[in-house]
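Remarks on the structure that follows.
The values are calculated or read from the model by the stated rules, or taken from the named source; none is laboratory data. In this text the structure is predicted, and so the values were computed from the model without any measurement. Cβ: placed from backbone, ideal geometry, glycine included. Neighbour counts: every protein chain shown.
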Amino acid sequence: MKKLRILLTGGGTGGHIYPMIAVAEELKKQSNKLGLFVDMRYFGGAYEYAQEIVDNGIEFIPVISSKLRRYFSPLNIIDGIKFVLSLFQLLWKIYWFMPDVVFSKGGPGALAVVLISRFYFIPVVIHESDSIPGFTNEFSGKMAKKIFLAFSSAVDNFKNRDVEVVGNPVRESLFSQAESLIPAKEGDPVVQARKGFGLNPNEPVILILGGSQGSEVINNFILENLEDIVVDYQVLHQVGKRNFENYKKEYEFVNKEWTEAERNRYIYRPFFGTDISDAIIASDVVVARAGAGTIFELAAFGKPSILIPLPDAANDHQNENARFYGNLGAAIVFKQENLLGQLFVKQLKLLMENKGLLKKMGESARIFYRPDSARIIAKYLLTYVG
């Protein structure tokens with residue numbers, strides 16, 4: 001049986017790791033059909049996702065991770081030292097694995113992997129999820145054999161390179177549930193998903209996501225306006241693992257005078273893991289940050305959204321992601337500085353009352369989504385067999 005060794009790398013957020021897992025899922029599927037054995041190993045510092053990486057048949061190889069900033073910061077000195085240490089660490093670890101090809105999602109820690117891989121003349125393939133490339137992928141693109149992109153607007157950043165726009169890979173576990181959410185059957189999965197959370201299946205649901213780490217700004221705003229929101233809507237809210245304990249204390253103070261019925265209309269979690277599909281299916285509208293991973297997952301489900309871009313994201317990529325997606329009619333873009341008073345609540349109510357607009361936004365989201373992204377990337381990586 002032929003064997004293919006693939007080194008996977010990417011930063012430590014869900015935006016890097018989940019698309020990588022989606023490609024790994026597709027690699028396993030295609031290699032089984034071809035009678036190939038694929039040895040996949042992740043090199044990096046995504047310790048928070050280590051178990052998920054291992055659960056998907058990828059060996060986790062820890063590597064010192066460093067963040068390279070384009071602006072002055074005292075932390076650059078520390079991360080500079082860590083970067084040099086990671087180069088020496090990788091010289092040894094990559095030598096003993098010696099992969100046939102490297103697939104990089106970019107992000108902190110990935111550049112060192114790419115540099116040492118090229119030192120050993122190992123071909124590198126990258127995927128950029130955002131409309132504006134991060135520093136790691138922009139630099140790695142100069143050395144990459146192939147560059148896959150999620151947004152067509154990023155093409156100009158990789159001139160004279162082998163570039164292909166394929167969208168953003170979405171995990172098969174999510175995609176299979178998205179496939180069931182077609183108009184003819186829409187009532188059934190929505191009702192089941194809402195009942196699974198203990199919600200009333202006949203009342204509208206708002207899902208609030210602050211990215212894989214949660215958003216303190218969005219959390220604080222929701223707490224301040226929660227009583228006005230739950231009057232009209234049921235709410236599912238991902239507050240983030242790091243924010244959860246503080247948020248729980250503040251919420252328990254806010255809801256002291258609420259009735260049991262009001263409390264049942266609001267469900268908050270540190271993180272939606274395997275039930276994120278159910279949370280998306282249960283919702284009518286999703287309020288979220290504008291990370292590429294979030295946008296493409298919502299598009300897979302054809303969900304209308306209100307996007308609140310992170311204002312200090314690297315290269316302002318979230319604003320650009322949101323602008324591109326919003327211009328297609330799939331989302332309403334709401335600037336973080338406008339999260340004041342009742343402005344957002346009024347916008348939410350206007351949207352929820354316009355069923356025709358919600359339907360059009362959902363259709364635009366489905367059109368934007370590219371279901372073959374992971375398959376195309378996996379197929380290309382498999383060409384490096386032998």
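For segment 302-323, a residue qualifies if it is crowded, with 24+ Cβ neighbours inside 10 Å and either hydrophobic (A, V, I, L, M, F, W, C) or out of contact with any Leu (no Cβ under 9 Å at 6 or more places or on another chain) (or both), and the qualifying residues are Leu307, Ile308, Ala322.
Please enumerate the residues belonging to segment 90-100 that are touching a helix residue (DSSP H, G or I) at 6+ places or on another chain (Cβ under 8 Å) and assigned to a helix (DSSP H, G or I).
Of everything in segment 90-100, those that are touching a helix residue (DSSP H, G or I) at 6+ places or on another chain (Cβ under 8 Å) and assigned to a helix (DSSP H, G or I) turn out to be Leu90, Leu91, Ile94.
Restricting attention to segment 127-140, the residues being surrounded by fewer than 23 Cβ atoms within 10 Å (Cβ to Cβ) and either within 21 Å of the chain's Cα centre (by Cα) or not in a helix (DSSP H, G or I) (or both) number 3.
Among what's in segment 1-58 and is touching a Phe, Trp or Tyr at 6+ places or on another chain (Cβ under 9 Å), small (Gly, Ala, Ser) and over 15 Å from Val170 (Cβ atoms), pick the residue that is surrounded by the fewest Cβ atoms within 10 Å (Cβ to Cβ). Filtering segment 1-58 for residues that are touching a Phe, Trp or Tyr at 6+ places or on another chain (Cβ under 9 Å), small (Gly, Ala, Ser) and over 15 Å from Val170 (Cβ atoms), the one surrounded by the fewest Cβ atoms within 10 Å (Cβ to Cβ) comes out as Ala50. The single condition among (1) out of contact with any helix residue (DSSP H, G or I) (no Cβ under 6 Å at 6 or more places or on another chain); (2) closer than 20 Å to Gly210 by Cα; (3) modelled with pLDDT of 95 or more; (4) not hydrophobic (A, V, I, L, M, F, W, C) that Lys360 does not meet is (2).
Which residue is nearest to Leu223 (Cα to Cα), if the candidates are limited to segment 261-299 and must be outside any helix (DSSP H, G or I) and of a type in the set (Asp, Glu)? So the residue we want is Asp284. Can we say Asp100 is modelled with pLDDT under 95, acidic (Asp, Glu) and touching a Leu at 6+ places or on another chain (Cβ under 8 Å)? For Asp100, the condition - modelled with pLDDT under 95, acidic (Asp, Glu) and touching a Leu at 6+ places or on another chain (Cβ under 8 Å) - is not met. All conditions in (1) within 21 Å of the chain's Cα centre (by Cα); (2) modelled with pLDDT of 95 or more; (3) aliphatic (A, V, I, L, M) hold for Val163, with the sole exception of (1).
Could you tell me whether segment 319-330 includes any residue that is outside any strand (DSSP E or B), charged (D, E, K, R) and closer than 21 Å to Glu172 by Cβ? Checking segment 319-330: not a single residue is outside any strand (DSSP E or B), charged (D, E, K, R) and closer than 21 Å to Glu172 by Cβ.
Pairs are defined by a Cβ separation below 7 Å, a sequence spacing of at least 6 or placement on different chains, a first member in segment 236-262 that is assigned by TED's automatic domain parsing to the domain that holds Asn225, and a second member that is among the hydrophobic types (A, V, I, L, M, F, W, C) and part of a helix (DSSP H, G or I); the pairs so defined are Leu236/Ala279; Leu236/Ala282; His237/Ile222; Glu250/Leu223; Tyr251/Leu223; Val254/Leu223; Val254/Leu226; Glu262/Val230. Mind checking whether some residue in segment 256-264 is in contact with a helix residue (DSSP H, G or I) (Cβ under 9 Å, 6 or more places away or on another chain), closer than 27 Å to Pro201 by Cα and either buried (at least 19 other Cβ atoms within 10 Å of the Cβ) or at pLDDT below 90 (or both)? So far as segment 256-264 goes, yes, one or more of its residues are in contact with a helix residue (DSSP H, G or I) (Cβ under 9 Å, 6 or more places away or on another chain), closer than 27 Å to Pro201 by Cα and either buried (at least 19 other Cβ atoms within 10 Å of the Cβ) or at pLDDT below 90 (or both).
Would you pick out the residues in segment 166-189 that are among the aliphatic types (A, V, I, L, M) and modelled with pLDDT of 95 or more?
Within segment 166-189, Val166 is the sole residue that qualifies.
Run Ser65 past the list (1) among the hydroxyl-bearing types (Ser, Thr, Tyr); (2) out of contact with any Lys or Arg (no Cβ under 8 Å at 6 or more places or on another chain); (3) not in a helix (DSSP H, G or I) and report the number of the one that doesn't hold. Single failed check for Ser65: (2).
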